[in-house]
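The values are calculated or read from the model by the stated rules, or taken from the named source; none is laboratory data. Computed from a predicted model, the values in this text were never measured in an experiment. As a convention, Cβ positions derive from the backbone with ideal geometry for all residues, glycine included, and neighbour counts pool all protein chains shown. SASA here: full protein model, heavy atoms, side chains in, ligands and nucleic acids out. Shrake-Rupley method; radii C 1.70, N 1.55, O 1.52, S 1.80 Å.
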Amino acid sequence: MNKLVIIGNGFDLAHGLPTSYGDFINWYWRGVLEKIPDISHSNFKNDFIEIQLLFKPQSIKTASEEYKKVVSYKELITFTQKYSEAYPAYYAEQYDRCFIKFSNAFFRNICEKHSIQNWVDIENEYYRLLKDCLKESDNTKVKKLNEEFEQVKNLLERYLNEEIINKYDFEKPNKQVEQLIRLFLIRHISLDNSKYLEEFPQSHHKEIRDEVGKINKHYKDGTLRQEIWNNTVSANHLFLNFNYTYSVDKFKSYMNRDGLRDNYGRNTLIQIHGRLDDPDNKINFGFGDEMDDLYKQIEEKDDNEYLKYIKSFQYLQNSNYKQVLDYIESDIFQVYIMGHSCGLSDRILLNTIFEHPKCVSIKVFYHEKPDGSDNYTEIVQNISRHFNKKKMMRDKIVNKSLCVPLPQDIRFEKLNTL
C-alpha cells in the first residue's frame, strides 16, 4: 500500500540536529554576547537590536539560555523606560547596567513571548499580527510586518546553513539507521496479520486485503520489484518533508537501491516547504490556514501585501504541490506522521490530505520522552483541527496501542570544521 510520510522538525530533532526554535534563538543571542566589546560605554548594533553597555560583562558565560542572560541586564532598568531615547542619561550614574533597543518588533515578540516555543508558534504569531493589520486604513503596518518577517526568515536560513548544513555529513548516518527504515518494509505485511488490519476502518478492510494480497502474490512469485516499478502494485512511499534540511535524502536513496525495491517499494521525496540554497525550491515560511474565519477579510482587503506570506501562493512557484495532489489521487494510501506537530499553520495542505477519500488511515509515530510521557495525544488533538468531518477523523486516526515511538538514536556524523 502507498504511504505518505509527513516529516516535521521533530524528525530532525530525533536525529540529534539542533533545528528547534530554541536552538536558533540561543544561537542568535550567543552570537550577540560573543560580539559585544569587552569595554565600558560601548554599543553593539545589528539588523535586529542595539545594545548600550554600561559595564564590563566580566561574568558573562555563554550557555543554553543566552537570551535570558541578556534579558537579565535589561531587567535592571526594567521595561518602564519602554526603550526611551533618553537612555544615555544613565552613563553618569550607572555602570552596572545595559540597554537593549529592538529595531525589529516581530523579532522582539518571538523572543519575549513565553508561549512561542516552536516554529509553528512563530508562523501563528505572524498570522495573529497580520490579522491585527486588518484594522488599519492603509498597508503601512503590514508592509513593516512583512519586512520584519522576511528578516527573521533570512536569519533562519543563515542559521541552518551555518550550524546544520555546514556542520553535518548527511551521507553518513550511524548504524541505528535500521531502526527507521524497517518501518517502511512491505514484505512483512500478511493477510493473516489481523493487527495490521486494525489500523484501518472496517469499511476499507476488503480494499486493503486485496492490496496486501496482491503484494504477497508478487512477492512469492518473484515479480514484486517489477510490478512496483510498473505501477501495477501500489507500494510507493512519498516522503513529504516540511523541513529545509537534507535529513531524509539518505533514507530515500538507501531504500531505492537495486536489490531492495521488493523490500521498500518505490520511494520519492518532496520538500514541500523548500530546500536550502535551491533557487527552484525556495524556502516557504509563512501561514497556510485559509479555513480561518478571518481569512476572507484578508482577501477582501484587495491588497496583495496581505497575501505575501500565505503558503498557498508560495506553493505555486513550482510543481511540488501538484505532485502531492497527483500522488493522493493515484491510489489508496496511509499517512505516517513523523515529527510534525500538525499545527494550524499547515492546515490547508493537511486538510486536503487527511480528508481525501483515498486516505485510509493516519498513524502517529510519537515522541517518547525520558520520563516515559509522550506527545501522542497532543498530536492527534492537532490532527483533529484539520478535519471538518469529525466522524471521519475518528475512523482514520490509528489508536495509540497500534502506534510506536519515532526512533531517537540515529545520528549524522559531524564534519571537521576546524
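Taking the residues in the stretch 286-324 that are among the aliphatic types (A, V, I, L, M) and within 30 Å of Lys400 (Cβ to Cβ) as candidates, determine which candidate is farthest from the chain's Cα centre (by Cα). Ranking the qualifying residues of the stretch 286-324, first place goes to Met291.
Within the stretch 301-319, the set of residues being touching a residue at least 40 places away in the same chain (Cβ under 8 Å) and open to solvent by less than 20 Å² (accessible area, probe 1.4 Å) comprises Tyr306, Tyr309, Tyr315.
For the stretch 277-298, the candidate set comprises residues that are among the acidic types (Asp, Glu) and modelled with pLDDT under 90; within that set, the residue that is surrounded by the most Cβ atoms within 10 Å (Cβ to Cβ) is Asp289.
Only helices (runs of 4 or more DSSP H) whose full extent lies in the stretch 189-276 are considered here, and the ones with at least 1 residues that are in contact (Cβ under 8 Å) with a residue 60 or more places away in the chain and surrounded by fewer than 13 Cβ atoms within 10 Å (Cβ to Cβ) are 194-197.
One residue stands out among those in the stretch 329-349 that are in a loop (DSSP other than H, G, I, E, B) and not β-branched (Val, Ile, Thr): the one that is surrounded by the most Cβ atoms within 10 Å (Cβ to Cβ), which is His340. Just name the residue that is modelled with the highest pLDDT out of those in the stretch 24-43 that are buried (at least 16 other Cβ atoms within 10 Å of the Cβ) and more than 17 Å from Gln151 (Cβ to Cβ). Among those residues, the one meeting the criterion is Asn26. When the stretch 163-182 is limited to residues that are part of a helix (DSSP H, G or I) and touching a residue at least 60 places away in the same chain (Cβ under 8 Å), the one that is surrounded by the most Cβ atoms within 10 Å (Cβ to Cβ) turns out to be Ile164.
The set of residues from the stretch 78-107 being assigned to a helix (DSSP H, G or I), at pLDDT 65 or above and either surrounded by 14 or more Cβ atoms within 10 Å (Cβ to Cβ) or in contact with a Ser or Thr (Cβ under 7 Å, 6 or more places away or on another chain) (or both) comprises Phe106, Phe107. The requirement of being modelled with pLDDT of 95 or more and either assigned to a helix (DSSP H, G or I) or loosely packed, with under 14 Cβ neighbours inside 10 Å (or both) is not satisfied by Lys131.
Of note, Glu147 satisfies the criterion of being under 30 Å from Ile298 (Cα atoms), assigned to a helix (DSSP H, G or I) and out of contact with any helix residue (DSSP H, G or I) (no Cβ under 7 Å at 6 or more places or on another chain).
Could you list, in sequence order, the residues of the stretch 350-401 that are more than 22 Å from the chain's Cα centre (by Cα), buried (at least 19 other Cβ atoms within 10 Å of the Cβ) and part of a helix (DSSP H, G or I)? If the condition is that a residue be more than 22 Å from the chain's Cα centre (by Cα), buried (at least 19 other Cβ atoms within 10 Å of the Cβ) and part of a helix (DSSP H, G or I), then Lys396 is the only one that fits.
When you scan the stretch 146-156, do you find a residue that is at pLDDT 95 or above and open to solvent by 80 Å² or more (accessible area, probe 1.4 Å), even just one? The answer is yes; a qualifying residue exists. None of Ile116, Ile60, Ile110 is outside any loop (DSSP other than H, G, I, E, B) and either surrounded by 14 or more Cβ atoms within 10 Å (Cβ to Cβ) or at pLDDT 85 or above (or both) except Ile110.
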